[in-house]
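So the structure is just underneath, and the comments pick up after that.
The values are calculated or read from the model by the stated rules, or taken from the named source; none is laboratory data. Here the structure is a predicted model, which means the values were calculated and not measured. Don't worry about glycine lacking a Cβ; one is built from the backbone with ideal geometry, like all the others, and counts go over all protein chains shown.
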Amino acid sequence: MKKFGKTGVLIAGLAALCVLPVLAGNAPSAAQAERGTVQAETVLPEERAPRAWIVNMSLNLYADASHVRAEAKNDFTFPMATVYTVVKLYSSATYTEDVSAMTLEAQNSIADLDTGKSISAQAAIGGRERYWRAQMMYQADNGALNYKETDTFRISANGTVLP
């Protein structure tokens, strides 16, 4: 393996700075460079288009003897993106598929849910049989809002899922 001294690293760095604008298609013309009229373009983060092509999120509902938990997970995002996520847990004494007719029991949010990570909202069963439903809202790179909901599950006072 060949080692470069400080001068070699400096020359390689300067060469890269000259080549990058050409590769990016933003190379100034020779006349512009000679006159010193090259202007830099600034792209603000707010102006960028959403980067994520694929965002695969999952939503699950879990119950144990004392709690019900809604869990939202970022299974896969390509390419990497900022995924704002909100997870909500609802309950009702009677069966319904409409969360607006249910009581919001718990909610949680995160500004950026990384791939492979999850966020949850949890509520106590409270010793009573109820119907439970989870809802998730997520948004990748300030793109469109996406919603997912679980089915409505009847859960007993001791955390057993009933038919």
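Data overview
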| read-out | value |
| --- | --- |
| Among the residues listed as 100, 118, the single one being among the hydroxyl-bearing types (Ser, Thr, Tyr) and under 20 Å from the mean Cα position of the chain (by Cα) | 118 |
| The one condition in (1) without any contact (Cβ under 8 Å) to a residue 60 or more places away in the chain; (2) among the small types (Gly, Ala, Ser); (3) in a loop (DSSP other than H, G, I, E, B) that residue 106 fails to fulfil | (3) |
| Those residues of the stretch 72-85 which are crowded, with 19+ Cβ neighbours inside 10 Å and either more than 9 Å from the chain's Cα centre (by Cα) or closer than 12 Å to residue 118 by Cα (or both), in sequence order | 72, 73, 74, 83, 85 |
| Filtered residues of the stretch 141-157 (kept if at pLDDT below 95 and either farther than 28 Å from residue 81 by Cβ or in a loop (DSSP other than H, G, I, E, B) (or both)) | 141, 142, 143, 144 |
| The stretch 91-119 - residue that is out of contact with any Phe, Trp or Tyr (no Cβ under 7 Å at 6 or more places or on another chain) and crowded, with 17+ Cβ neighbours inside 10 Å and, of those, farthest from residue 54 (Cα to Cα) | 106 |
